[in-house]
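Report on the following structure.
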Amino acid sequence: NASGMSAVLFAARYLAAFRGKLTHTVRFCFFNGEEAGLLGSKSYAATLKMLKSPVKAVICADMLGYNSDAQRIFEIHAGYTDPAIRDKSVPIAARVAFWAAGLGVLQPAQIYQGTSVTSGAPDRNLCDPAINRSDHAAFHQQGFPAVVVTEDYFANQAGEPAKDPNPNYHTAGDTVIDAVYGVSIAGAIACSIKELARS
């Protein structure tokens, strides 16, 4: 997940210029053991809950660099089985989508905000196939608002372009990146964090 890590480093560099000018503390985190059961993020989120930390928003950057066509579609997952947590997460997704749209490079964000998991091409308002699948889930499980931003991985709906999943997913051959696509998503994340941290 080097593209996601790069997006976090990009955001950290960008936001360093606003040190002392933000209302809220911003933490930049890297988690290990996602595929083994969200081990790092679960440990961190549980610690935040135990300490009663006032978490306003969590934005996880997953795989962000692969794009093989001109569509430049990307996904934001805010869905969760508990509607109250989902409802706190959807505005975060909307902020990322807003900033992404302003860059003029990406297609409108596909925002998943459902409360059930399904396969195929679900109604994104009802279902979210990424529920409990990425590090944002560890924060949902502790009651924190969170989203994960990622490439065009899941099946798209009728009338939309075909999905564009990375054929080298989880292999050493995952070396192809659409730099403009990845940087645009990272930029939208960074701007969203700045806005959320200011208000």
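The values are calculated or read from the model by the stated rules, or taken from the named source; none is laboratory data. These numbers come from a predicted model, not from an experiment. With ideal geometry, Cβ positions are generated from the backbone for all residues, glycine too; neighbour counts draw on all protein chains shown. Protein only, heavy atoms only, side chains kept; ligands, DNA and RNA dropped before computing areas. Shrake-Rupley method; radii C 1.70, N 1.55, O 1.52, S 1.80 Å.
Values for this structure:
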{"quantity": "Other-chain or far-sequence residues with amide H under 5 Å of VAL58's (modelled H)", "calculated": "ALA146, VAL147"}
{"quantity": "Karplus 3J(HN,Hα) series, Hz, for the stretch 185-194 with 6.51 cos²θ - 1.76 cosθ + 1.60 (x for Gly, Pro)", "calculated": "5, 4, x, 5, 5, 4, 5, 5, 4, 4"}
{"quantity": "For the stretch 118-199: rounded, prolate or oblate by the Cα gyration tensor [a/c cutoff 1.5]", "calculated": "oblate"}
{"quantity": "Sorted peptide list for 96-104, 68-76, criterion being average Cβ within 10 angstrom, highest first", "calculated": "68-76, 96-104"}
{"quantity": "For the chain: rounded, prolate or oblate by the Cα gyration tensor [a/c cutoff 1.5]", "calculated": "rounded"}
{"quantity": "Phi to ³J(HN,Hα) by Karplus 6.51 cos²θ - 1.76 cosθ + 1.60 over the stretch 93-110, Hz, x for Gly, Pro", "calculated": "4, 4, 5, 4, 4, 4, 5, 5, 4, x, 7, x, 10, 9, 5, x, 4, 8"}
{"quantity": "Value of [θ]222 nm, deg cm²/dmol, for the chain, DSSP H segments ≥ 4, -39500 (n - 2.57) each, nearest 500", "calculated": "-12000 deg cm²/dmol"}
{"quantity": "Inter-centroid distance (Cα atoms) of the stretch 21-54 relative to the stretch 98-165, Å", "calculated": "21 Å"}
{"quantity": "With all protein chains modelled, accessible area of LEU9 [1.4 Å, Å²]", "calculated": "110 Å²"}
{"quantity": "Karplus 3J(HN,Hα) series, Hz, for the stretch 4-11 with 6.51 cos²θ - 1.76 cosθ + 1.60 (x for Gly, Pro)", "calculated": "x, 5, 5, 5, 5, 5, 4, 4"}
{"quantity": "R0 of 41 Å, Cβ-Cβ distance ASN168-PHE18: FRET efficiency to nearest 0.05", "calculated": "0.70"}
{"quantity": "Gyration tensor verdict on the stretch 1-119 (Cα atoms; rounded if a/c is under 1.5, prolate if a/b is larger than b/c, oblate otherwise)", "calculated": "rounded"}
{"quantity": "Eligible aspartates and glutamates near LYS42 by straight Cα distance, threshold 14 Å, same-chain separation 8 or greater", "calculated": "GLU34, ASP135"}
{"quantity": "Within straight-line cross-link reach of LYS163, lysines at Cα separation under 29 Å, skipping those fewer than 8 residues along the same chain", "calculated": "LYS88"}
